[in-house]
Structure formats: C-alpha cells, structure tokens
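The values are calculated or read from the model by the stated rules, or taken from the named source; none is laboratory data. Here the structure is a predicted model, which means the values were calculated and not measured. Every residue, glycine among them, receives a Cβ derived from its backbone with ideal geometry; neighbour counts consider all protein chains shown. Heavy atoms of the whole protein, side chains included, go into the accessibility calculation; ligands, DNA and RNA do not. Shrake-Rupley method; radii C 1.70, N 1.55, O 1.52, S 1.80 Å.
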Amino acid sequence: VPGVDISKNPTITLKDGSEACWLFVKIDESTNFDNFMTYNVDSAWTWLSEGVYYIDAPAADGDVNYPVLKDNKVTVDEDVTSDELQAVKNSDQPKLSFTAYAVQRVGFNDVNDAWTEANK
C-alpha cells in the first residue's frame, strides 16, 4: 500500500564477552528498490562509503543489539501505483540485504584500515 510503513528488524548483536571492535554493516538494495521504498539508517551508525556504515563498538558486557534501520521500518513510496506493485509481486520485488562484519579494535586505529581488513 503506498505510503505505508513496513516493520523490519535487521539487528546486529555483539555477544557477551566480545572484544571492542569496528562493527560494519553493508546494505545492498535491489536495482529497483528506490522505485518503491525508502528507509533511514539508525543514528548509531556512521556512514563510511556507499552502502557501508560503522560503529566503534566497545567491548560487550552482555549481549548488545544494534538496530540497523531507524525505527525498524521501511516505507513504501507514496507515488507507487497499484499496477506497479502488481507488476513486481511475483518476480522482481524490491529487496534490502544486510551483511555484518566485525574487526577487532586492537591494531586498527583507523576505520578505513579496519574496513579494508574486513574485505580481505
């Protein structure tokens, strides 16, 4: 339905006892995503590069959850028509994919170096 918020809960969890780390999330959008939906990244995350965000996460004392999306939602664009939605209903639906990475903080004072390491 155009203009409707859809609840989504992509969350990255650092488990109890995890070391301080650079925590990354890479958000991949399907090629048609922007034609149908919008979202905002939670304010805890800092933009690094196209589709990549990070948190300088302290050591975990208990499980620590980091939601990826602001208010845990995506929003269907208000200008999307019923015909457009029906056209992608069974085939090319808009999608978001999330991939998490963690690089131990020790030895990496620069987030860019840590991201390079995460991609090896």
Segment Ser30-Thr11, extension gain: residue separation times 0.36 nm, minus the distance between their alpha carbons: 4.9 nm
Reach of Lys95 by Cα under 13 Å, taken over aspartates and glutamates that are not fewer than 8 positions away in the same chain: Asp28, Glu29, Asp34
DSSP-loop GluC sites (Glu not before Pro) across segment 1-98, with at most 16 other Cβ within 10 angstrom: Glu19, Glu50, Glu78
Computed over the chain, Cα set: Rg, Dmax in Å: 16.8, 53
Descending semi-axes in Å of segment 1-57, equivalent ellipsoid built from Cα gyration tensor: 27, 14, 9
Total charge dipole magnitude, the chain, about the Cα centre, Cβ charges on Lys, Arg, Asp, Glu only, Debye to nearest 20: 320 debye
Net charge contributed by nearby residues that have their C-beta within less than 9 Å of Asn35 (K/R +1, D/E -1): -3
Cβ-based charge dipole, the chain, positive-most Cα from Val52, Thr81, Phe108: Phe108
The chain, accessible area per residue, ligands and nucleic acids excluded (1.4 Å, Å²): 62 Å²
Carbon + sulfur, % of accessible area of segment 7-61 - ligands and nucleic acids excluded, 1.4 Å: 44 percent
Within straight-line cross-link reach of Lys120, lysines at Cα separation under 22 Å, skipping those fewer than 8 residues along the same chain: Lys26
